[in-house]
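The structure appears right after this line, and notes come after that.
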Amino acid sequence: MLKNKQILGWALYDWANSVFATVVIAGFFPVVFKQYWATDLASDQSTFWLGAANSTSSLIIVLLAPVLGAIADCSGIRKRMLIGFMLLGAVTTFLFSTVAQGDWWLVLGLYVLATLGFMGGNVFYDAMLVDVSRNHHVDRVSGLGFGMGYLGGGLLLALCILLTQNAERLGFDTSMNAVLFAFVLTALWWLVFSLPLMLWVNESKAVAVKGDRHILKETAKAFRHVFQHKQIRLFLLAYWLYIDGVDTIIRMAIDYGLALGFGANDLIVALLITQFVGFPAAILYTHLGDKIGVKPALILGILAYGVITLLGYGMESVWEFYMLAVMIGLVQGGVQALSRSFYARLIPPERAAEYFGIYNMMGKAAAVLGPLLMGGVAVMTSSHRYSILSILVLFIAGLVLLMNVKAPDQK
């Protein structure tokens, strides 16, 4: 697959944009927000506002993704739409480095825009999976993308950790200035490694429709098909629930660890462990899907997440956090990759952006609930442990629905 420039160019975008998910969303942003930008807020309040910012960006994607997907399919501009959202995300990530201490409201506004750029770009990136792969290897191509993302994110995160630990030697006045520079590096990495997709990947021909009204009709038709087609409907509802649990753990794990009193450096190391375990695991997990079937492999991953949530509730020491980091790395990329390829088999390829717009809408609609659920439970109970335990219900409900989905043919 790596000899195919289209597949490699597509997978390298995961290498490019995953640094935002790793270095920003899961890594440095929650730490810097709590310890630099939001020092005037109580711990539970900063958790609430961070969760609210994540939910806001997700809600915007929920509203925009299906229509954007229809426009991209009908106009043949999937790649251009992806590039536009990438530029939005990279530029606003760069601007994090300019926000002064205490300006938590300003940086949250930029964070919403940057996250919107990241998630909006993924609508079109996911849709382009059908442009670069054939049905018989769609699982492996999807897994390659996630694997490249984990490796790229892990490498830049490791570089940023070294940067912050050697800040004075490298000429920074304070370690915080080095951390802020990590956001600059993230933006540049995202921009530079998006170039192969821009240059090498071709997209499918546009669907022949005319006029804005017709595009809206095509969007409505996609919704009707999704919700009339029992298997697509059941899968999306299941995905809506279980991927919410996955995304919430990604976004809120560092904040949860800080609330339990663990050191920021220990938590970043745990995230690094997840990335480097996740690189081979995401690729190997798709081979597990080949052996036992995509649906059984997804069920196994969701069950593992249920166990992880329970262990997280009772966690007391940093070594337990490291153990959970390994467990998450083993299943996270596999669940994400197989969910994407499972759905790709269910939909018409010529309308991939449109249907993946609905797919991302469902995933991000769930992400509106998860962070708010954690933040709300933390505020109401004054217990961060109860907040993580509340996520378990999402995995259980998603698993029950998934078990009723008929798996598409694996060719």
| remark: Checked region 173-201 for anything open to solvent by 50 Å² or more (accessible area, probe 1.4 Å), not in a helix (DSSP H, G or I) and not charged (D, E, K, R); matches are THR174, PHE193
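Being within 20 Å of LYS406 (Cα to Cα) and out of contact with any Lys or Arg (no Cβ under 8 Å at 6 or more places or on another chain) narrows it down to one residue among LEU267, LEU234, LEU284; which is it? Walk me through it before giving the result.
Working: LEU267 fails: within 20 Å of LYS406 (Cα to Cα); LEU284 fails: within 20 Å of LYS406 (Cα to Cα).
After ruling out the rest, the residue left standing is LEU234.
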| Which listed residue, of ALA90, ALA100, is buried (at least 17 other Cβ atoms within 10 Å of the Cβ) and not aromatic (Phe, Trp, Tyr) | ALA90
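Residues in region 376-394 that are touching an Asp or Glu at 6+ places or on another chain (Cβ under 9 Å) and within 17 Å of GLY312 (Cβ to Cβ): how many?
4
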| Residues that are open to solvent by less than 10 Å² (accessible area, probe 1.4 Å) and either modelled with pLDDT of 80 or more or over 23 Å from GLY301 (Cα atoms) (or both), drawn from region 244-255 | ASP244, GLY245, VAL246, THR248, ASP255
| task | State all residues of region 7-22 that are more than 22 Å from VAL277 (Cβ to Cβ) and open to solvent by 10 Å² or more (accessible area, probe 1.4 Å); if no residue qualifies, say none. | result | LEU8
| said: Residue under question is PHE181, and the condition is that it be under 25 Å from the mean Cα position of the chain (by Cα), at pLDDT 90 or above, more than 30 Å from VAL331 (Cα to Cα) and not aliphatic (A, V, I, L, M); does it hold? | reply: yes
| request: Those residues that are surrounded by fewer than 17 Cβ atoms within 10 Å (Cβ to Cβ) and within 26 Å of ILE83 (Cβ to Cβ), I need them from region 132-171; list them, please. | output: ARG134, LEU159
| request: Pick out the one residue from PRO280, PRO296 that is under 25 Å from GLY153 (Cα atoms), open to solvent by 50 Å² or more (accessible area, probe 1.4 Å), modelled with pLDDT of 90 or more and not polar (S, T, N, Q). | output: PRO280
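The values are calculated or read from the model by the stated rules, or taken from the named source; none is laboratory data. In this text, all values refer to a predicted model and were calculated from it rather than measured experimentally. With ideal geometry, Cβ positions are generated from the backbone for all residues, glycine too; neighbour counts draw on all protein chains shown. For accessibility, only protein heavy atoms count, side chains too; no ligands or nucleic acids. Shrake-Rupley method; radii C 1.70, N 1.55, O 1.52, S 1.80 Å.
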